[in-house]
2 protein chains.
Amino acid sequence: MWSEFRRRKLEGYIEAKEKNEVDEDIIPLLDLINSFEDFVTLSSCSGRIAVMDMPEFGDKVEAIFLGKWHRYVSFDEVFEAIKRGKQTTWLIMFPPIIHVACKDLQSAERLMAIANNAGLRRSGLISLKNNVVEINSLERLEVPVAVKGKVIVGEEGLKVMVEFANKKLKRSKEKLKRLYELLLQLKP
Amino acid sequence: MWSEFRRRKLEGYIEAKEKNEVDEDIIPLLDLINSFEDFVTLSSCSGRIAVMDMPEFGDKVEAIFLGKWHRYVSFDEVFEAIKRGKQTTWLIMFPPIIHVACKDLQSAERLMAIANNAGLRRSGLISLKNNVVEINSLERLEVPVAVKGKVIVGEEGLKVMVEFANKKLKRSKEKLKRLYELLLQLKP
């Protein structure tokens, strides 16, 4: 039953908020999504920039966070984090991601259309069980910048990468803002 | 009507193949998908590596291809392409992407599950009109490497980026191969 499922998930969301497990800057958007009878959020990340040490190409299981930010970063912050690297160190920008269960296919389709209009063009239905829509953007940066604490892209190169990560984060946050505004227009 | 829709799309696919508009290395997979009565491919790209000149951050409309490959690239090829750059030059790895229309939601769900099993984890239903499943992976590289023909990430840095692009392309092609094998198992 949708209403029972939604009630349980909403409780989980409220609990997660109380435990500060929800990214703060995304809470107004999640609250708004959850104010619609047809939707309930399952999980989310508002997007972040990270410096990660990885033992091998893309092997995130054994990856170690050297730095992690839900906001824009300065060159110095990234540089300090990189210096602590012992393996191959990556600068990564994770785009925002939100999973929303929808009452039915029609409401899922509506949410997908709105998300796409907001510029979150990687949005789609990923499960038909609870009509789960993944809201996602294409902004993504994942680039090796250092080996054993030594920058391999040059200082100028690293500056461009950091600026690029910030721009990508900014762009993705603007899309979340647009999504918020589009959803707000649907409220009576 | 599904069978009529599928017939038309199949004709389009065969025409595109004859005109060499379909990436060659992906044809066996597309042929296999199209051999199922429940599926028909709409569009595809087998993944590629490109060097692009872009006037502004992410503005792909005015972007100029300085080099484009559906295969692994050498450092020299990339370096030569970069030298022709007049603006900010990017090294980009586009992941494979396939759009498949499905007969109904059940067949779409089956295809999504198979694609996810093959490691193509960015797969989902993007349109409910013709039950279009987008098959996609997370491999992606998009990084500024030069300004006005001058490398900004150092030679060592550029070498790492090229190697990284090749690894990403390899990984995504392996996933397409796995998808092929999983689909083959479903044949009677």
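Just so it is clear, none of the values below were taken in a lab; they were calculated from the coordinates. None of these values were measured; they are calculated from a predicted model. FYI the Cβ positions are ideal-geometry reconstructions off the backbone, even for glycines, and counts take in every protein chain you see.
Axis angle, to the nearest 10 degrees, between helix A:154-185 and the longest C-alpha principal axis of chain A: 10 degrees. Sorted from closest to farthest, the other copies place their B:Ser35 label points 5.4 nm away, with each point set 7 Å from Cα along Cα→Cβ. Spatially, the range B:1-50 and the range B:164-182 are offset by 19 Å when compared through their Cα centroids. The value of relative contact order for the range B:78-188, using C-alpha pairs under 8 Å at least six residues apart, is 35 percent. Comment: the Cα-to-Cβ extended label point of A:Ala113, at 7 Å, lies 3.0 nm from its counterparts in the other copies, nearest first.
Partner chain Cβ atoms within 10 Å, averaged over the residues of A:111-120 - can you pull that number for me?
Values: counts 0, 5, 2, 0, 0, 2, 0, 0, 0, 0.
That works out to 1 on average.
As a calculated quantity, the FRET efficiency between B:Ile14 and B:Leu184 at R0 = 25 Å, using C-beta atoms, amounts to about 0.75. When peptides B:127-138, A:130-141 are sorted by average Cβ neighbour count within 10 Å, with the highest value leading, the order is A:130-141, B:127-138. Ranked from largest, the principal axis spans of the Cα set of chain A equal 54, 28, 28 Å. Mean per-residue shielding of peptide B:156-162 is 5, counting Cβ atoms of other chains within 10 Å of each Cβ.
The order of B:Asp25, B:Asp53, going from fewest to most other C-beta atoms within 10 Å of their C-beta, is B:Asp25, B:Asp53.
How big is the range B:113-188 by the Kirkwood estimate over distinct Cα pairs, in Å?
14.8 Å
Between copies, B:Lys86 shows label-point distances of 5.0 nm, shortest first, with the point placed 7 angstrom from Cα along Cα to C-beta.
Note down, for the range A:44-137, the three equivalent ellipsoid semi-axes (square root of 5 times each alpha carbon gyration tensor eigenvalue), biggest first, whole angstrom.
Rounded to whole Å, the semi-axes are 34, 15, 9.
When the C-alpha to C-alpha distance is required to be over 21 Å, the pairs from B:Lys17/B:Lys187; B:Lys68/B:Lys148; B:Lys9/B:Lys129 that qualify are B:Lys17/B:Lys187.
Extents of the range A:1-78, taken as max minus min of Cα coordinates on every principal axis and listed largest first, are 46, 26, 20 Å. Note on the protein assembly as shown: Cα-only Rg and Dmax are 21.7, 61 Å.
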